């Protein structure tokens with residue numbers, strides 16, 4: 001299975017970002033799965049007046065035979081705004097609303113995503129692919145139970161649009177991506193924006209991790225497309241050799257005792 005991760009240099013001109021994203025998606029249209037970064041239309045904090053109907057019409061037709069994981073965009077439903085990942089294939093549309101909202105308080109980073117968004121409340125898996133694909137977004141990487149749950153729902157590949165900041169990214173990004181691939185025994189497709197002076201200081205390094213936690217590929221910091229051919233047989237091989245998911249005992253089954 002061929003996959004393509006598009007690492008965009010996201011500037012503050014929304015229309016330029018949109019045109020660039022469309023261009024790269026068309027370039028990658030031969031891939032079975034194409035992933036765009038979190039917040040690929042505008043850096044965090046940039047006003048974004050988005051017509052979702054037009055957005056869906058555009059992205060549902062860019063690469064119809066591929067599963068296009070269209071990063072994240074703001075979605076307002078019932079007065080609540082979510083950081084939502086929309087996905088498209090052959091006229092079908094799926095979505096995942098980011099569950100874990102980024103919060104950090106340090107001399108380098110001061111962010112509370114909850115000031116802007118509400119958290120989602122459901123895991124999402126798209127089944128109309130050779131191997132089912134699960135979804136997570138950025139800060140979700142710090143919560144391993146989500147990735148185990150996605151695998152238990154049938155996912156063998158997990159797409160993760162992200163925009164990890166530079167300060168935590170250089171320490172944690174690869175570690176977390178490889179750990180979540182290992183936890184879930186799934187391929188992890190982690191797609192971030194390129195490093196840029198215009199963007200929130202992101203780390204870049206879109207990467208692919210294998211079901212055993214090894215690193216398949218890392219694009220570095222510049223804009224471009226990271227492609228790879230995934231050996232789908234490796235998923236069942238790893239899960240058969242070390243049946244972690246089968247042996248997992250859901251913690252919700254146990255009492256919680258404090259002394």
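The values are calculated or read from the model by the stated rules, or taken from the named source; none is laboratory data. Since this is a predicted model, take the numbers as computed values, not measurements. Positions of Cβ are backbone-derived with ideal geometry, glycine not excepted, and every protein chain shown enters the neighbour counts.
All but one of (1) within 22 Å of residue 30 (Cβ to Cβ); (2) touching a residue at least 12 places away in the same chain (Cβ under 8 Å); (3) surrounded by fewer than 23 Cβ atoms within 10 Å (Cβ to Cβ) hold for residue 148, so report the exception by its number.
(1)
Picking from 55, 40, which residue would you name as being closer than 19 Å to residue 96 by Cβ and assigned to a helix (DSSP H, G or I)?
Among 55, 40, only 55 is closer than 19 Å to residue 96 by Cβ and assigned to a helix (DSSP H, G or I).
So, in segment 43-52, of the ones that are in contact with a strand residue (DSSP E or B) (Cβ under 7 Å, 6 or more places away or on another chain) and part of a loop (DSSP other than H, G, I, E, B), which residue ends up modelled with the lowest pLDDT?
48
What number of residues within segment 75-91 are under 25 Å from residue 63 (Cα atoms) and not in a strand (DSSP E or B)?
Number satisfying all stated conditions: 2.
Taking segment 1-28, which residues are in contact with a strand residue (DSSP E or B) (Cβ under 9 Å, 6 or more places away or on another chain), surrounded by fewer than 18 Cβ atoms within 10 Å (Cβ to Cβ) and either assigned to a strand (DSSP E or B) or at pLDDT below 95 (or both)?
Matches in segment 1-28: 2 only.
From 62, 68, which residue is in contact (Cβ under 8 Å) with a residue 40 or more places away in the chain and not in a strand (DSSP E or B)?
On the way: 68 fails: not in a strand (DSSP E or B).
Being in contact (Cβ under 8 Å) with a residue 40 or more places away in the chain and not in a strand (DSSP E or B) holds for just one of 62, 68, which is 62.
Restricting to segment 79-98, what's the tally of residues that are buried (at least 17 other Cβ atoms within 10 Å of the Cβ) and either free of Cβ contacts under 8 Å to residues at least 12 places away in the same chain or touching a helix residue (DSSP H, G or I) at 6+ places or on another chain (Cβ under 6 Å) (or both)?
Adding up the residues that qualify gives 1.
Checking residue 181 against (1) out of contact with any helix residue (DSSP H, G or I) (no Cβ under 6 Å at 6 or more places or on another chain); (2) surrounded by 24 or more Cβ atoms within 10 Å (Cβ to Cβ); (3) over 27 Å from residue 22 (Cα atoms); (4) in contact (Cβ under 8 Å) with a residue 40 or more places away in the chain: exactly one of these is not met. Which one?
Of the numbered conditions (1) out of contact with any helix residue (DSSP H, G or I) (no Cβ under 6 Å at 6 or more places or on another chain); (2) surrounded by 24 or more Cβ atoms within 10 Å (Cβ to Cβ); (3) over 27 Å from residue 22 (Cα atoms); (4) in contact (Cβ under 8 Å) with a residue 40 or more places away in the chain, the odd one out for residue 181 is (4).
Here's a check for you: in segment 205-227, which residue that is under 18 Å from residue 139 (Cα atoms) and touching a helix residue (DSSP H, G or I) at 6+ places or on another chain (Cβ under 8 Å) is surrounded by the fewest Cβ atoms within 10 Å (Cβ to Cβ)?
Residue satisfying both the conditions and the ranking: 205.
Identify, from the list 147, 95, the residue that is over 20 Å from residue 14 (Cβ atoms), assigned to a helix (DSSP H, G or I) and modelled with pLDDT of 95 or more.
Matching residue, one of 147, 95: 147.
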